[in-house]
Amino acid sequence: MNLEDIIQKTKTYYCLECGKCTSICPVARYDSGFSPRMIIEHALLGFEDDLVQNKKLFSCLTCYTCQPECPSDVDFPIFVREARSIAQDNGQYGICAHSGQLQSLARLMTSPAIEQNRLEWLSKEYRVSEDSDVLLWVGCAPYFEPIFEDLEFSALDIIRASLKIMNLLGIEPKLLPNERCCGHDALWTGDVETFKRLAEHNATQIKEAKVKKIVFSCPEGYRTFKLDYPNHVDLGCEVQHLSEFLAEKMGQNGLKFKEIKKKVTYQDPCRLGRHLGVYDAPRKVLESIPGIELIEMKHSGRESICCGTSAFTNCDSYSNLLRAERLSEAAATGADVLITACPKCQTHFRCAMTDKGEEHRPTPKIEITDLANLVADAIGEE
Amino acid sequence: MAGFEPQIIAFCCNWCTYAAADLAGTSRVQYPANVRIVRVMCSGMVNPIYVLKAFEGGADGVLIAGCHLTDCHYIDGPVKCDAAVDKLRKMLHVLGLEDERLRREMISTSEGVVFARVIKEMVEQLKKLGPSPLKVKMEALA
């Protein structure tokens, strides 16, 4: 795909140069060198070189804050995604956080010969079944474990909690022993080749597993399976986020929660909220737990502020300022716990709370946990 | 596997192991030519991504070798290196890679013979294990 095709596909030529995108962009608020309008303008003037050589192209969070504001309905996040693939073809990459280990692991997982040991955490207290028609997607959690151990964050705990909830609902899900990375980060950083290979591996395994539904505890995997896989591969099954799955099951199966006296606030992950429009399901789940008081932040729902980094690319001091702003909003609600529904939001916020350079902007410390962990605590035995 | 010659990438610290490899050469100690040495200033600077990239590029084994614990030119390089190797092992284990493919050694300047022995042992082990399952660019190498 060349620049001309991208402009056609994302209707960029309708741009009025009004600058609403830049004025609402969370990155542009801190980084004066980043401007969605400027990027679009460069593309429309045909400055392909300027566009792809611009390192700021990788600063976009693709969080979809701008697109609904655009009077001409230009799909900026998709434009950025496609432009990044041109940039990669020209040898331009974003600055990868964690020295690019996560991107490298995704590429390594495209190898057809690997047999992963990704279910070693699975202990006897959890029930899984080979012939279940529900699949629980584990995703990158086993790889996050060593990489983020310094942050005292365990992505596998979210999976364990999800599994516990499903077991208590009387569902024994299936787990795939050799699932690959969903390819979300590869796709959004422009590495389409890796994405396609991962998608094919996953689609083959899912077809062999003969499941009717896949449940995700990670919104990025969910988005990729729901919106991006259908363009490349056929899955032949339904996909759902854990919060939707739970909201559906509320009131069924005699689901009972014990009381948890806590004030909480909820961070809408960009992939779950603005990308897929799931705002109500997690709130419904939170409100159905007795004792939980949900206090919304100043910006919530469609307006919620992003966690600052997407696809582990271009994570810089501006990202940390953005996180500090969001954590300040969370602390200002007076809530005890910040709930997210995305393991990556949690990683980024936890990382910001360990930030040493806080003299620029104080980063408040707040307890942070995943929706699945909270529900698992509430649903536990009396 | 007949005729399989493993490729090893060795990250050697400038102050100890690289000099040991030099010593092995000048003393005419024979060892297999399956190793490509990358000189690094300290074993503590070997970031996990270096090793992942080596495997991505088709390496069958990776050696990280540097000074002994108390010899480090930069005081605590080997400690940092051990921490990185620890993380790496966990990652590579999840990926399904045999533990033997990543080797961590401490070889001082005077131990040219040890360097040769380590390479010999690694080549033998890797020949038994066969090519790395992580060879993403298998077609390109063939």
Query raised in the report: Relative contact order (percent) for the range A:3-89, with alpha-carbon contacts under 8 angstrom and 6 or more residues of separation?
Result: 39 percent
**Report entry** Given A:K124/A:K174; A:K174/B:K127; A:K213/B:K53; A:K256/A:K284; A:K261/A:K298, the pairs whose alpha carbons are separated by over 25 Å
**Finding:** A:K174/B:K127; A:K213/B:K53
Query raised in the report: Can you give the average number of partner chain beta-carbon atoms within 10 Å of each beta-carbon in peptide B:85-96, as a whole number?
Result: 6
Query raised in the report: By how many degrees, 0 to 90 and rounded to 10, does the Cα axis of helix A:76-89 deviate from the longest principal axis of chain A?
Result: 70 degrees
Query raised in the report: For the residue pair A:C18 and A:N117, what label-to-label distance in nm results when each label sits 7 Å from Cα along the Cα-to-beta-carbon direction?
Result: 5.7 nm
Query raised in the report: ³J(HN,Hα) across the range A:244-249 via Karplus (A = 6.51, B = -1.76, C = 1.60, θ = phi - 60°), whole Hz, x for Gly/Pro?
Result: 5, 4, 5, 4, 5, 7
Query raised in the report: So who's got an amide H within less than 5 Å of the one on A:I368, skipping anything under 5 residues away but keeping other chains? H placed 1.01 Å off N, in plane.
Result: A:L338
Query - Positive-pole candidate from A:C182, A:A330, B:V118, dipole of the protein assembly as shown, charges at beta carbon - result: B:V118
Report task. Going by C-beta contacts inside 10 Å, put A:V285, B:V79, B:V94 in order with the fewest on the left. Result -> B:V79, B:V94, A:V285
Query raised in the report: When a footprinting reagent is the concern and you count Cβ atoms within 10 Å, what order do B:D76, A:D75, A:D191, A:D268 take, fewest first?
Result: B:D76, A:D75, A:D191, A:D268
Report summary line: One finds the C-alpha centres of the range A:85-121 and the range A:264-294 to be spaced, in Å, by 31 Å
Requested in this report: About the Cα centre of the range B:8-133, how large is the charge dipole given +1 on each Lys and Arg Cβ and -1 on each Asp and Glu Cβ? Please answer in debye to the nearest 20.
Outcome: 240 debye
Query - Over chain A: helical MRE at 222 nm, DSSP H runs n ≥ 4 each giving -39500 (n - 2.57), nearest 500 - result: -11500 deg cm²/dmol
Query raised in the report: Whole-Hz Karplus ³J(HN,Hα) for the range A:159-164, in order, using 6.51 cos²θ - 1.76 cosθ + 1.60 and θ = phi - 60°, x for Gly and Pro?
Result: 5, 4, 4, 4, 5, 4
Query raised in the report: Separation of the range A:168-188 and the range A:36-57 by C-alpha centroid, Å?
Result: 36 Å
Requested in this report: Quick one: which residues, 5 or more positions from A:I214 or on another chain, have an amide H under 5 Å from its amide H? H modelled 1.01 Å from N in the peptide plane, none for Pro or chain starts.
Outcome: A:L135, A:E238, A:V239, A:Q240
Report summary line: Cross-link reach from B:K120 to lysines, straight Cα distance under 16 Å and at least 8 residues apart if same chain, gives B:K128
**Report entry** Order of B:L92, A:L45 under a 10 Å beta carbon neighbour criterion, fewest first
**Finding:** A:L45, B:L92
Query raised in the report: Between B:A10 and residues 5 or more places away or on another chain, which pairs have amide H atoms under 5 Å apart, with H built 1.01 Å from N, and which residues are they?
Result: B:R36, B:I37, B:V38, B:L63
Report summary line: Relative contact order as a percentage, chain B, C-alpha pairs under 8 Å and 6+ apart, gives 37 percent
Query - Full-extension gain in nm, A:L45 to A:R29, via 0.36 nm per residue minus C-alpha separation - result: 3.3 nm
Query - Where the Cα pairs of the range B:8-133 fall when distances are cut into 5 Å bins, in % - result: 2, 12, 23, 24, 20, 13, 5, 1, 0
**Report entry** Label-point separation, A:R127 to A:E248 (7 Å along Cα→Cβ), nm
**Finding:** 2.0 nm
Query raised in the report: Can you give the calculated 222 nm mean residue ellipticity of chain B, where each DSSP H run of n ≥ 4 adds -39,500 (n - 2.57) and the sum is split over every residue, rounded to the nearest 500 deg cm²/dmol?
Result: -13000 deg cm²/dmol
Query raised in the report: Which whole-number percent is the relative contact order of chain A (Cα, under 8 Å, 6+ apart)?
Result: 17 percent
Report summary line: Expected sort for A:236-242, A:117-123 on mean C-beta neighbours within 10 Å, highest first, is A:236-242, A:117-123
**Report entry** Under 17 Å from A:K212, Cα to Cα: aspartates and glutamates that are on another chain or at least 8 residues apart
**Finding:** A:E130, A:D131, A:D133, A:E172, A:E179, A:D234, A:E238, A:E244, A:E248
Report summary line: In whole Hz, the Karplus estimates of ³J(HN,Hα) for the range A:44-61 (6.51, -1.76, 1.60; θ = phi - 60°; x where Gly or Pro) are 5, 7, x, 7, 4, 4, 4, 5, 7, 7, 6, 4, 5, 4, 8, 7, 4, 8
Query - For the protein assembly as shown, fraction of C-alpha pairs farther apart than 41 Å, in % - result: 27 percent
Requested in this report: Report, as an integer, the average count of C-beta atoms from other chains found within 10 Å of each Cβ along A:101-113.
Outcome: 6
Report task. Give, rounded to the nearest 20 debye, the magnitude of the charge dipole that the protein assembly as shown has about its Cα centre when Lys and Arg contribute +1 at Cβ and Asp and Glu contribute -1 at Cβ. Result -> 280 debye
Requested in this report: Give the residue from A:S85, A:L122, A:L168 lying farthest towards the positive end of the charge dipole for chain A; charges sit on Cβ (+1 for Lys and Arg, -1 for Asp and Glu) and the dipole is referred to the Cα centre.
Outcome: A:L168
Report task. Quote the charge dipole size of the range A:262-379 about the Cα centre in Debye, to the nearest 20; the model charges only the Cβ of Lys and Arg (+1) and of Asp and Glu (-1). Result -> 200 debye
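Each value in this text was obtained by applying a stated rule to the coordinates, not by laboratory testing. The shown structure was predicted, so the numbers you read here are calculated from the model rather than taken from an experiment. Don't worry about glycine lacking a Cβ; one is built from the backbone with ideal geometry, like all the others, and counts go over all protein chains shown.
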